[in-house]
Amino acid sequence: MNIKKLSCLFALSLAALGAQASQRVCEYQLIPTQVYATGLLEQGLQLPLLVDSYLPTNCSDGPAAVVQPVLLIPGGGFNWVERDREKIVEIAAGLAQAGFAVFPIEHRIRDWNGFAPVSETKTSTELKVYQRNLKKSPYPGDQHLQALIAMEDAFKAQAWVKSKAAEYNLDITKFGILGGSSGACTALGMEYSGNNLSEGVSDFQALIDMWGDFFPHTHMEAGESPILILAGTVDPVIEYPLTTDIMQRAKAVGVDASRITMPGVKHGLDDADIFNRLMVGTNLTIFQSMVQFLEAKLRPATRQKWPPAGQTREMMAEEYLPAP
């Protein structure tokens, strides 16, 4: 988008959100193409790292006032990352309409015009140790290296958002994060492995994992962020049993974990169809359930219920194939 600021109101009505009586409906302002940091590439090149800011303004219950930030990390297998891709924009706009300040980011990828990213936090010796410790991982070593690079950038993005707290009226004591695919792997790594890898302590209060994973699951520790997992039963990239392992680890250490199982769903936003696919036993779409989770964890004053009424922490979505 090439405009400096945009204010818009999506047509999603209060009636459509009726099952979430406390949810706000807000106008929002978009401030696109901001540089939150730079990232190191080969030959000492510095790549500008971009973020868009979706900031609620006027809401159904009055001025937006202080709002909770949510970091959004798009997927792309660490081969590309597009913060302004249509479905990412739809998620960011939907969350901003619900009263959250949303920050979709881009990070360094595997190859940028022939230049590879360089770790800013690990020496070459430390990287060898890091990769040696991951020999039992179900994923290639290069994937872990790229996830580490993405985590470095995402921690910088989180710091940038915190630096905007006064300017953007953010409540940074209630900070959420979500990601899809490799973006989810990055988010999971930040929250549950960041301290183990000496990358940082993210201290999020809500995490939505859309078909991602991290390794090893034993990095998850008591007191870490509540998590909502979206998992397709026939996902060929992040196999469904891996999410069961996360749920079991969470139960073992007392982390608040919920999962939405999507029967017959493979990998990615197109197949998941989160804006249309309903939750079994409710009139909520998956996306509306995601909003309800964020409200319950980031805005406890709303007394929003989680899990949704009539649901447990193991939930099921309707089974169908989205229209092509």
Discussion item. If a residue must be out of contact with any strand residue (DSSP E or B) (no Cβ under 7 Å at 6 or more places or on another chain) and of a type in the set (D, E), how many such residues does region 42-83 contain?
Written reply: 2
Worksheet item: Under the condition of being touching a residue at least 40 places away in the same chain (Cβ under 8 Å) and surrounded by fewer than 15 Cβ atoms within 10 Å (Cβ to Cβ), which residue from region 25-46 is nearest to A166 (Cα to Cα)?
Response: L45
Discussion item. Restricting to region 286-309, name every residue that is buried (at least 21 other Cβ atoms within 10 Å of the Cβ) and polar (S, T, N, Q).
Written reply: Q288, S289, Q292
Discussion item. Take E90 and tell me if it is surrounded by 15 or more Cβ atoms within 10 Å (Cβ to Cβ), among the charged types (D, E, K, R), modelled with pLDDT of 95 or more and over 21 Å from I149 (Cα atoms).
Written reply: yes
Worksheet, complete the sentence: Okay, helices (runs of 4 or more DSSP H) sitting entirely in region 98-186 with 1 or more residues that are within 30 Å of A301 (Cα to Cα) and among the aromatic types (F, W, Y), I get 141-163, 165-168
Discussion item. Is it the case, given these coordinates, that L49 is under 21 Å from the mean Cα position of the chain (by Cα), under 19 Å from S163 (Cα atoms), at pLDDT 95 or above and crowded, with 19+ Cβ neighbours inside 10 Å?
Written reply: yes
Worksheet entry | Residue list for region 22-41, restricted to those being in a loop (DSSP other than H, G, I, E, B) and among the aliphatic types (A, V, I, L, M) | V25
Worksheet item: Which members of region 149-176 meet the condition of being over 11 Å from H107 (Cβ atoms) and of a type in the set (A, V, I, L, M, F, W, C)?
Response: A159, W160, V161, A165, A166, L170, I172, F175
Worksheet item: Any idea how many residues of region 151-203 are among the hydroxyl-bearing types (S, T, Y) and under 15 Å from the mean Cα position of the chain (by Cα)?
Response: 5
Item to complete: Kindly indicate whether R277 is over 26 Å from A147 (Cα atoms), of a type outside the set (F, W, Y) and modelled with pLDDT of 95 or more.
Response: yes
Worksheet item: Is it true that some residue in region 198-206 is closer than 24 Å to P324 by Cβ and touching a residue at least 24 places away in the same chain (Cβ under 8 Å)?
Response: no
Discussion item. Against the definition (out of contact with any Pro (no Cβ under 6 Å at 6 or more places or on another chain), modelled with pLDDT under 95 and among the aliphatic types (A, V, I, L, M)), how does L127 come out, yes or no?
Written reply: yes
Worksheet item: Only one of (1) modelled with pLDDT of 95 or more; (2) outside any loop (DSSP other than H, G, I, E, B) is not met by N79, so which one is it?
Response: (2)
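The values are calculated or read from the model by the stated rules, or taken from the named source; none is laboratory data. Predicted model, so just to flag it, every value in this text is computed and none were measured. So basically every Cβ, Gly included, is an ideal-geometry build from the backbone, and we count neighbours across all protein chains shown.
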